[in-house]
Amino acid sequence: MVLLPDPPAESLPRLTRSFCRRDTVTVARALLGQLLVRRLKDGTRLSGLIVETEAYLGPDDRAAHTYNHHRSPRNQSMWGPAGHAYVYFTYGMHHCMNVVTRDEHCPQAVLIRALQPIEGHQAMRLLRQPNPAKPLPNDTNLCSGPAKLCKAFAIARALDGIDLITSDELWLERARTRALPNKNIAVGPRIGIQSSGDWADKPLRFAVRGSPYISRPSGFTKT
DNA sequence: ATGACGATTTACT
DNA sequence: GTAAATCGTCATA
């Protein structure tokens, strides 16, 4: 089982806009092992290593919110520059967060699906608060899904469109210089998009191989 | 104005 | 394994 090492306690250099502007699959892979950081209003710092991502490839991608060039107030962040957040609300109760990739008017993004909690476990637990009488059994479930991590990080529509490169509320830090080697990346079809025809089968989900912090251990077809 | 639909999670059989 | 929760968004009228 491959556990990622904890990054140093002090803050790391940020990921750049150039990092995010690259090919979306490349970014989805390169984000694995990098740190998502949140500063709450009260100053609390939360962070987690990214262990699972999905690539959404724009107008051609039937599973993407920008399929067939669909553009609306909801998804306009995907049409903007790389390095901004696309946060959407779904199922009447959940938020999910993406990192926008490529150039402006090329509406692609990487969905962040799971994190390995690093800083602020206690605050995250309070934010998740599934049932105060029945606390979460362990930290592997804290951020093991796209909506769970948004809840734990207090990420909602108010943060949609935020610039992850310059923001002091939500940003990305470089926890590893080299991309995770391919042999340590599990690859499979994306989750929850079964009605998307042939795009449902494409290998656009990426995870740190063997990590206990991912949303679902099954479904991976290759490295 | 109305109805169908989620890039999900949780509880329950 | 299945089902319920719950509502913003968008297409249609």
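Taken together, the values in this text are just the output of simple stated rules run on the coordinates, not laboratory data. As the structure is a prediction and not an experimental result, all values here were calculated from the model. Heads up, the Cβs are rebuilt from the backbone with ideal geometry, glycines too, and the neighbour counts pull from every protein chain shown.
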Residue within region A:111-119 that is surrounded by fewer than 23 Cβ atoms within 10 Å (Cβ to Cβ) and assigned to a loop (DSSP other than H, G, I, E, B) present: no
Scope region A:160-171; condition surrounded by 21 or more Cβ atoms within 10 Å (Cβ to Cβ) and under 23 Å from A:Gln122 (Cβ atoms); matching residues: A:Trp171
Which numbered condition A:Tyr88 misses (of (1) within 13 Å of DNA strand B (Cβ to nearest atom); (2) touching a helix residue (DSSP H, G or I) at 6+ places or on another chain (Cβ under 7 Å); (3) not in a loop (DSSP other than H, G, I, E, B)): (2)
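Could you tell me whether A:Pro135 is within 13 Å of DNA strand B (Cβ to nearest atom) and either out of contact with any helix residue (DSSP H, G or I) (no Cβ under 7 Å at 6 or more places or on another chain) or assigned to a loop (DSSP other than H, G, I, E, B) (or both)?
yes
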Region A:138-178, residues that are within 16 Å of DNA strand C (Cβ to nearest atom) and in a loop (DSSP other than H, G, I, E, B): A:Ser144, A:Gly145, A:Ile155, A:Ala156, A:Asp160, A:Gly161, A:Ile162
Among (1) in contact (Cβ under 8 Å) with a residue 24 or more places away in the chain; (2) surrounded by fewer than 18 Cβ atoms within 10 Å (Cβ to Cβ); (3) more than 22 Å from A:Gly161 (Cβ to Cβ); (4) near DNA strand B (Cβ under 10 Å from one of its atoms), the one test that A:Gln129 misses: (1)
Any hit, region A:29-44, residues being closer than 24 Å to A:Pro189 by Cα and within 16 Å of DNA strand C (Cβ to nearest atom): no
Subset of region A:37-57 [assigned to a strand (DSSP E or B) and not hydrophobic (A, V, I, L, M, F, W, C)]: A:Arg38, A:Arg39, A:Arg45, A:Ser47, A:Gly48, A:Glu52, A:Thr53, A:Glu54, A:Tyr56
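Regarding A:Asn75, is this residue polar (S, T, N, Q) and in contact with a His (Cβ under 6 Å, 6 or more places away or on another chain)? It would help to see each step written out before you state the result.
Details: polar (S, T, N, Q): yes; in contact with a His (Cβ under 6 Å, 6 or more places away or on another chain): yes.
For A:Asn75, the condition - polar (S, T, N, Q) and in contact with a His (Cβ under 6 Å, 6 or more places away or on another chain) - is met.
What about A:Ala158, is it small (Gly, Ala, Ser) and touching a strand residue (DSSP E or B) at 6+ places or on another chain (Cβ under 6 Å)?
Details: small (Gly, Ala, Ser): yes; touching a strand residue (DSSP E or B) at 6+ places or on another chain (Cβ under 6 Å): no.
In short, no.
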Filter result (at positive phi and more than 12 Å from DNA strand C (Cβ to nearest atom)) within region A:62-110: A:Gly83, A:Arg102, A:His105
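How many residues are crowded, with 16+ Cβ neighbours inside 10 Å and part of a loop (DSSP other than H, G, I, E, B) if we restrict to region A:63-85? Steps first, please.
First, pick out the residues of region A:63-85 that are crowded, with 16+ Cβ neighbours inside 10 Å: A:63-67, A:75, A:77-85.
Next, from what is left, pick out any that are part of a loop (DSSP other than H, G, I, E, B): A:63-66, A:75, A:80-83.
Of the residues in region A:63-85, 9 are crowded, with 16+ Cβ neighbours inside 10 Å and part of a loop (DSSP other than H, G, I, E, B).
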Members of region A:106-137 found to be farther than 23 Å from A:Leu172 by Cβ and touching a Lys or Arg at 6+ places or on another chain (Cβ under 8 Å), listed by number: A:Pro135, A:Leu136
